Amino acid sequence: MDRDQSRLRPRIFEPDIPEDVTGEELEKSVRAELLSLSAENAKVVARHLVCINLYQDTDPQLAHKHGIAAAHHAGRLAVVRESAGYAAYRAGHYEIALKELRAANRISGDVSSLPVMADCERGLGNPLKALSLAGSPEVKRLAKPEEIEMRIVAAGARRDLGELDAAVVTLTCKELNNETDEWAVRLRYAYADALDAAGRKDEAREWFGKCASLDEEELTDAAERSLE
């Protein structure tokens, strides 16, 4: 029995999909999650998901529209709601992003999007709600990269509240000594920036320097700030 629900909902604006986008570009694991849909609907959803990836950096608003369309056609699938949520987040539509990511979390139980949800609360001017998410029991289930990201978001929420010293404390952790994982640059930069905001200029310069030593691709301005 076809479980598709899009026919029961009001029609929405659907952005054009380039003819050369087939849906086969998706990873097999994602395509497998679309098998509960009819073949026709699965192809439409897959093509919209490909377009999210295609436009997320160059045209995040268009990627967001593709996310809305995908969720319209397959609102019961966690992978679709999550993709729509991330697309909305990158486009700055934090309320929509929260709605989609919460739905994905309810469907799948996956907690990996919690840091993004917390950052959405910050974007909506709700730093206390962001901190509430950061302190929830589910955070203990996060993998290390997401755990670090949650620390960074929580520190940002502290700064939103004017709690500059607390932001530094939030980022003070043994992981600052990590020199190999991809998240190490972001953590060191956030820590240095928090020190700078708290008026601890000498320590900030030191940590900007430590960040720059790992930032071989110069993704940040840590090297410049270490000289200020």
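Summed over the stretch 28-54, residues that are under 23 Å from G92 (Cα atoms) and surrounded by fewer than 19 Cβ atoms within 10 Å (Cβ to Cβ) total 2. For the stretch 182-192, the condition of being within 30 Å of E228 (Cα to Cα), crowded, with 20+ Cβ neighbours inside 10 Å and among the small types (G, A, S) holds for at least one residue.
Flag: A197 does not match the condition of being closer than 30 Å to A103 by Cα and not assigned by TED's automatic domain parsing to the domain that holds H93. Counting only helices (runs of 4 or more DSSP H) that sit completely within the stretch 28-144, zero hold 3 or more residues that are at positive phi. Taken together, R205, R159 contain a single residue that is part of a helix (DSSP H, G or I), among the basic types (K, R), modelled with pLDDT of 95 or more and under 21 Å from the mean Cα position of the chain (by Cα), which is R159. Here A70 clears all of (1) in the same structural domain as A32 (by TED's automatic domain parsing); (2) under 29 Å from G162 (Cα atoms) except the condition numbered (2).
Out of curiosity, is R3 assigned to a helix (DSSP H, G or I), modelled with pLDDT under 95 and not small (G, A, S)? So R3 fails the test. Here is the figure for the stretch 191-202: residues that are part of a helix (DSSP H, G or I) and either touching a Leu at 6+ places or on another chain (Cβ under 6 Å) or charged (D, E, K, R) (or both) total 7.
The values are calculated or read from the model by the stated rules, or taken from the named source; none is laboratory data. Computed from a predicted structure; not experimentally measured. Positions of Cβ are backbone-derived with ideal geometry, glycine not excepted, and every protein chain shown enters the neighbour counts.
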